[in-house]
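Worksheet: the structure to be examined is printed underneath.
What follows draws every value from the coordinates through simple rules; no lab data is involved. Not measured: the values here are computed from a predicted model. When we count neighbours, we look across all protein chains shown, and the Cβ atoms used for this are built from the backbone with ideal geometry, even at glycine.
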Amino acid sequence: MSDSSTIPLKKLKMDDSKVFNDPIHGTVKLDPLLIKIIDTPQFQRLRNIKQLGGAYFVYPGASHNRFEHSIGVAHLAGQLVEALRARQPELISDRDVLCVKIAGLCHDLGHGPFSHLYDQMFIPKVPPGPLGDKMAKWKHEEASVEMFNHLVKSNNLKLDELKLPEDMDFIREMINGPKDPKGGKKKPDAVEWPYKGRTKEKSFLYEIVANEWNGIDVDKFDYFVRDCHHLGMKNNFDHLRFIQFARVCEVEKRKHICSRDKEVNNLYDMFYTRNCLHRRAYQHRVNKIIEYMIAEAFLKADKHIQIEGSEGQLCTLSTAIEDMKAYTKLTDHVFDQILNSSSVELAEAKKILERIISRDHYRFLGETNPEQVPTGESHLQWEEELAAAVPEGGDGGVTLTREDFVVLVATFDYGKKDKDPINNVYFYSKRSPDTAKPITRDQVSKLLPECFSEQLIRVYSRKTDEQSVEAAWKHFTKWCKEKGFPEPQNTPPEVLEHRE
């Protein structure tokens, strides 16, 4: 860690900026204040959190971490806000630029072990305890704000270039968004302006780091190109073209970042790339069951993992979200901690992780693609139905129970559920650069998707011997017929293949 954390920023020279050689963006130069944030334990922690969670067990190149992604987002946030200022300098101040860069740098501080595995597959399944309903509602963005506050306070950072408290509020709002009294998130186009950090005249600044309105933000720009690079896939979206043509226009009494009309196909490529990444990597059928197994091991190990927090308090794998000192120590290393433990209490969790590294993961039986996944039915109910769906001719001497099945639902969309995200994008023309409006489908192409969302029901077998797997597949086939779902998109010989 740098010893400069207590040096007033006004005494730092521009020579204190540092240059990073990034494999994606090339030369990345960051301001002194951002370097001071990077040189803290809270930020360095991101070196040990995989960007793509369990995908590294499927894709050998997916070893990159949240650390380099966060630096990339800070760089792109600076590129976009500086490009906008170059075209419309009256809209953006030096403090605006610095705050946007800091928000980009710190937007992922709150990720837990294996990134989204922790906040989407582990924390929601932790039984209610001393934290009550917080477990079911907690998101990593909330922890990012708490970790940012902890980072500034515990390292005694001097924020001389910022105006307090509004700039701090602005950074927090860009990371997490303002809280709605009813529990949701308010949008920047709300009737009552919801932000404290900036007035509605600066509404477009809230669309740079994490854009809740249409999903076009520098966070995606970085992870699309970075993930594709490490996964060995093609990225059809050109974020530099978007930055080149982006400008601010006022639409319906709010200032938005708008794009040139000819760039609409580039933006459709962006959302298509998102869909492809989910299909081929993020929700790859083997990746998801491995992440499920890791989350299952975490649940079994939860109470037996002790992490020292503030004032000597001991936290568990889940309750660390309430104590940022303990959370700072929580990284992907917990996987090896469990795997190499000789503790009797961790034996069950260890056995699950041993199956992962031995490639003995739960076996994929197949997937079905119903027109609509039933609502109000739990995965537990489906697993019970699968066990009860005895095929004609019997089980071949194999007895299957609910515990032998795992059901997961994979959702694929363009980022706005079943809606076309381009409906929330405004476009200007070369002749009228200060006037923007939505673009209609018939102005784009007749080849656009008609459906923007679908869900697959995937079924796995915990037992991996051939006889049990074949019996489980027959149960799955029978269950699909009983539910009126399409037949599984697998045949028995494919089911018996061990490696994907």
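Annotations
- Dipole magnitude for the range 279-384: about 480 debye, using +1 per Lys or Arg Cβ and -1 per Asp or Glu Cβ, origin at the Cα centre.
- Dipole of the chain [Lys/Arg +1, Asp/Glu -1 at C-beta], most positive-end residue of Thr273, Val248, Thr411: Val248
- Along the range 117-134 the Karplus relation, 6.51 cos²θ - 1.76 cosθ + 1.60 evaluated at θ = phi - 60°, assigns HN-Hα couplings of 4, 5, 8, 9, 10, 9, 4, x, 9, 5, x, x, x, x, 8, x, 6, 4 Hz to successive residues, with x for each Gly and Pro.
- With a threshold of 19 Å on the Cα-Cα distance, the over-threshold entries among Lys101/Lys163; Lys202/Lys255; Lys288/Lys463; Lys300/Lys350; Lys101/Lys202; Lys18/Lys234 are Lys18/Lys234.
- Computed from the Cβ-Cβ distance with R0 of 35 Å, the FRET efficiency linking Gln381 to Lys419 stands at 0.75.
- The aspartates and glutamates within cross-link reach of Lys483, meaning a Cα-to-Cα straight distance under 14 Å and a gap of 8 or more places when in the same chain, are Glu367, Glu371, Glu377, Glu383, Glu384, Glu385.
- Only lysines eight or more places from Lys325 in sequence, or on another chain, were considered; those with a Cα closer than 17 Å are Lys153.
- Residues in the range 288-305 reached by a label modelled at Ser343 [backbone nitrogen below 15 Å; 7 Å Cα→Cβ]: 297-305
- Residues Ile92, Ile243, sorted so that the one with the fewest Cβ neighbours within 10 Å comes first: Ile243, Ile92
- Quarter of Cα convex hull surface for the chain, i.e. mean projection, nm²: 25.8 nm²
- Between His278 and Ser17, the contour length at 0.36 nm per residue exceeds the Cα-Cα span by 90.3 nm.
- The chain: relative contact order as a whole-number percent, Cα under 8 Å and 6+ apart: 14 percent
- Contact order, relative form, for the range 241-333: 13 percent (alpha carbon pairs under 8 Å, 6 or more residues apart, mean separation divided by residue count).
- Cross-link pairs exceeding 23 Å between alpha carbons, from the set Lys196/Lys220; Lys220/Lys419; Lys134/Lys303; Lys416/Lys481: Lys196/Lys220; Lys416/Lys481.
- Vicinal HN-Hα couplings computed from phi for the range 282-298 (Karplus, 6.51 cos²θ - 1.76 cosθ + 1.60; Hz; Gly/Pro x): 4, 10, 3, 4, 7, 4, 5, 6, 5, 5, 4, 5, 5, 4, 5, 5, 4
- For Leu365, the residues 5 or more places off, or on other chains, whose built amide H falls under 5 Å of its own are Val459, Tyr460, Ser461.
- Helix content alone sets the calculated 222 nm mean residue ellipticity of the chain: runs of n ≥ 4 DSSP H residues at -39500 (n - 2.57) each, divided across all residues, give -11000 deg cm²/dmol.
- Karplus-derived HN-Hα couplings along the range 200-211 (A = 6.51, B = -1.76, C = 1.60, θ = phi - 60°), whole Hz, x at Gly and Pro: 5, 5, 10, 4, 5, 5, 6, 9, 8, 7, 9, 8
- Nearest 10 degrees, 0 to 90: helix 218-231 Cα axis against the chain principal axis: 50 degrees
- Ranked by the mean number of other Cβ atoms within 10 Å of their residues, highest first, the peptides 121-128, 265-272 come out as 265-272, 121-128.
- Among Ile35, Gly78, Pro23 - extreme Cα towards positive end, dipole of the range 16-116, charges at beta-carbon: Pro23
- Residue order, fewest to most beta carbons within 10 Å, for Ser70, Ser144, Ser17: Ser17, Ser144, Ser70
- For a label point 7 Å along the Cα-to-beta-carbon line of Glu166, residues of the range 245-268 with backbone N under 20 Å: 254-256
- Cα-based helix-to-principal-axis angle, 264-277 vs the chain, degrees rounded to 10: 40 degrees
- Axis angle, to the nearest 10 degrees, between helix 466-483 and the longest C-alpha principal axis of the chain: 70 degrees.
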